[in-house]
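A.B. asks: I have a structure I would like to understand better, so I am pasting it below and will then ask my questions one at a time.
Laboratory data are not the source of any read-out in this text; all were calculated from the coordinates shown. Only a predicted model underlies this, so the values are computations on that prediction, with no experimental measurement involved. Heads up, the Cβs are rebuilt from the backbone with ideal geometry, glycines too, and the neighbour counts pull from every protein chain shown.
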Amino acid sequence: MQQKIDEILAYLNNKLTAAKSSADCQAIRVEILGKSGKITELFRLIKDVPNEQKSAVGQLLNGAKQQAESLISAKEVAVANEELNQQIFSAKKIDITLPAPKCTGSLHPRTIVQREIEEVFTSMGFVVEDGNEVETEYNNFTAVNVPENHPARDMQDTFWLDNGQVLKTHTSASQNRILKKYPLPIRAIFPGRCFRNEDVDAGHENTFFQLEGIIVDKEVSVGNLIYFMKEMLSKIFKKEVEIRLRPGFFPFTEPSFEMDVRCPFCDGKGCPTCKNGGWIELCPCGMIHPQVLKNAGINPEEYSGCAFGLGLDRMTMLTFGINDIRELNSGNLKLLKQFGIKN
Ligand code: FA5
């Protein structure tokens, strides 16, 4: 048996030395280790070996099989590497001095709407501020008049971090910092990503965007709020728009409102976008609560302010006719190709 094994291994070595390709190696593997391979055939002889020698012969054959396996595998790896090198180096030469192909991607629909809104507000003297995504409990809640244990905290189910901070639940979390940062009067907008521990559906995400605006000056009134919102919406929808205020509740504004816009798609006659109601609920807003001003060191006897918190995803969906908010976070390139605008 040992002699047969030696002959097969010698034969194998010769064949492997001559092998030039993966296909050659595959053929050798079949010839030696395949169903009717030379070593496989040797295993069939075990039945004729006397019982007391069966174990020793079995060991011998297993050793031969392993040896053949590792010789073939080593050659397969070497040949595969060689083939890869051939592919790389014999392929068409790349001229690395050529300019890169122009492939700049496109803007996300939400970014397009955000930039348009920013342009409108900056043209009216607003600064654009950035906000943190991780916020202190104080800024997210207490500074905007939602003290600890106040039931209003339940309005926004929050992701708490181990260090006691939160993923900001609304852009209002930046109000205190911005009110302290700028000298009065202040006109600022601050778009940003917000997080809430919410069930996701076509209209709600756990990660979404808002765009907040504040105006603090002497004698600011609801009239200012209406004026700025109408200006913004008219520019975005490219037509004169009508808005209405309904009573709302937010601890950080007094009075608080829900602002609706007369459906710009059907002029209020009724269509699928406004669910035939003629009005679209757009954004909550109100006059900044005196306590919020005080918390930022502003005297509410002297100054007043108004604020709004626009749902940027909602505005994007309206603008582009997207009916499921989940599309916006999906990373789906089809969405970008359909609505994105080249940067
Ligand atoms: C607020 O977050 C207030 N901070 C807004 C505000 C600012 C009021 C300043 C007054 C003055 P609200 O929870 O309603 O309010 O959210 C505002 C907008 O954010 C909603 O109208 C909606 O468009 C959007 N929004 C809220 N939760 C989600 C969510 N889970 N998914 C997508 N958009 C959301």
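A.B. asks: Over all distinct alpha-carbon pairs, what is the Kirkwood Rh of region 208-343 in angstrom? Before the final figure, lay out each step's value.
C.D. replies: Numbers: mean 1/r = 0.0609 Å⁻¹.
Every distinct Cα pair counted, the radius reaches 16.4 Å.
A.B. asks: Let me ask something additional. Could you tell me the center-to-center distance, by alpha carbons, between region 263-278 and region 143-157 in angstrom?
C.D. replies: A separation of 35 Å, based on Cα centres.
A.B. asks: Suppose every Lys and Arg Cβ carries +1 and every Asp and Glu Cβ carries -1, with no other charges. What dipole size does the chain come out with about its Cα centre, to the nearest 20 debye? Walk me through the numbers on the way to the answer.
C.D. replies: Working: 40 positive and 44 negative charges, 271 e Å.
Result for the chain is approximately 1300 debye, rounded to the nearest 20.
A.B. asks: Between region 63-116 and region 280-310, how many Å separate their Cα centres?
C.D. replies: The two parts, judged by their Cα centres, are 57 Å apart.
A.B. asks: Length gain on complete extension for the stretch Lys47 to Asn14, per 0.36 nm per residue less the alpha carbon to alpha carbon distance? Don't skip to the end; give the middle numbers.
C.D. replies: Numbers: separation 33, 0.36 × 33 = 11.88 nm, distance 2.98 nm.
Computed gain between Lys47 and Asn14 is 8.9 nm.
A.B. asks: Which ³J(HN,Hα) values, rounded to whole Hz and listed in residue order, are derived for region 295-307 from phi using the Karplus coefficients 6.51, -1.76 and 1.60 in 6.51 cos²θ - 1.76 cosθ + 1.60 with θ = phi - 60°, glycine and proline given as x?
C.D. replies: 4, 9, x, 9, 7, x, 6, 9, 10, 9, x, 10, 8
A.B. asks: Bin all alpha-carbon pair distances of the chain at 10 Å intervals from 0 and give each bin's fraction as a whole percent.
C.D. replies: 5, 18, 20, 12, 6, 7, 9, 10, 8, 4, 1, 0
A.B. asks: Sort largest first and round to whole Å: the equivalent ellipsoid semi-axes of region 142-269, each the square root of five times a Cα gyration tensor eigenvalue.
C.D. replies: Each semi-axis is the square root of five times an eigenvalue, giving 27, 21, 14 Å.
A.B. asks: Also, quick follow-up: Expressed as a whole number of Å, what is the distance separating the alpha-carbon centroids of region 1-47 and region 160-219?
C.D. replies: Result: 72 Å between the Cα centres.
A.B. asks: What is the projected area of the convex hull of the Cα atoms of region 1-151, averaged over all directions, in nm²?
C.D. replies: Working: hull surface 100.1 nm².
Approximately 25.0 nm², given one-decimal rounding.
A.B. asks: Can you list the residues, at least 5 places off or on another chain, whose amide H is less than 5 Å from the amide H of Gly277, using H built in the peptide plane?
C.D. replies: So Gly277 has HN proximity to Cys271.
A.B. asks: Step through the residues of region 125-141 one at a time and calculate ³J(HN,Hα) from phi using the Karplus curve (6.51 cos²θ - 1.76 cosθ + 1.60, θ = phi - 60°), rounding each to whole Hz and writing x for Gly and Pro.
C.D. replies: Using θ = phi - 60°, the values come out as x, 8, 8, 9, 10, 9, x, 7, 8, 9, 10, 6, 4, 4, 5, 6, 10 Hz.
A.B. asks: List the GluC sites (Glu not before Pro) within region 287-343 that fall in a DSSP loop (any state other than H, G, I, E or B) and whose Cβ has at most 14 other Cβ atoms within 10 Å. The partial results should precede the final answer.
C.D. replies: Numbers: sites: Glu301, Glu302, Glu327; in loops: Glu301, Glu302.
Qualifying residues, ordered by number: Glu301, Glu302.
A.B. asks: Are there trypsin sites (Lys or Arg not before Pro) in region 1-88 that DSSP puts in a loop and that have at most 10 other Cβ atoms within 10 Å, and which ones? Display every interim value, and only then the final one.
C.D. replies: Values: sites: Lys4, Lys15, Lys20, Arg29, Lys35, Lys38, Arg44, Lys47, Lys54, Lys65, Lys75; in loops: Lys20, Lys35.
For trypsin sites (Lys or Arg not before Pro) across region 1-88 that sit outside H, G, I, E and B with at most 10 neighbouring Cβ atoms in 10 Å, the list reads Lys20, Lys35.
A.B. asks: Right, something else. Can you give the calculated 222 nm mean residue ellipticity of the chain, where each DSSP H run of n ≥ 4 adds -39,500 (n - 2.57) and the sum is split over every residue, rounded to the nearest 500 deg cm²/dmol?
C.D. replies: Values: 11 runs with 140 residues, N = 343.
Theoretical 222 nm ellipticity from helices: -13000 deg cm²/dmol.
A.B. asks: Amide H to amide H under 5 Å from Phe257: which residues, 5+ apart in sequence or cross-chain, H placed 1.01 Å off N in plane?
C.D. replies: Residues meeting the criterion, in which the H sits 1.01 Å from N, are Gly248, Cys285, Gly286.
A.B. asks: Return the sequence-ordered ³J(HN,Hα) values of region 238-248 in whole Hz as given by the Karplus equation 6.51 cos²θ - 1.76 cosθ + 1.60 applied to θ = phi - 60°, using x for Gly and Pro.
C.D. replies: Values per residue, Gly and Pro as x: 6, 6, 4, 10, 10, 10, 9, 10, 10, x, x Hz.
A.B. asks: List the DSSP H helices in the chain whose Cα atoms stretch 27 Å or more along the helix axis and whose mean Kyte-Doolittle hydropathy is at least -1.0. Mind showing how you got there, number by number?
C.D. replies: Details: long enough: 51-90 (58 Å, -0.45).
TM-like helix candidates: 51-90.
A.B. asks: Along the charge dipole of region 1-119, Cβ charges K/R +1 and D/E -1, which of Tyr11, Ala68, Phe43 sits furthest on the positive end?
C.D. replies: Going by the Cα projections, it comes out as Phe43.
A.B. asks: Separate question: What does region 153-220 give for Rg and for Dmax, in Å, if only its C-alpha atoms count?
C.D. replies: When restricted to the Cα atoms of region 153-220, Rg and Dmax are 14.4, 42 Å.
A.B. asks: I would also like to ask the following. Which far-off residues, 5 or more places away or on another chain, put their amide H under 5 Å from the one on Arg193, with H placed in the peptide plane?
C.D. replies: Excluding prolines and chain starts, which carry no amide H, there are no hits.
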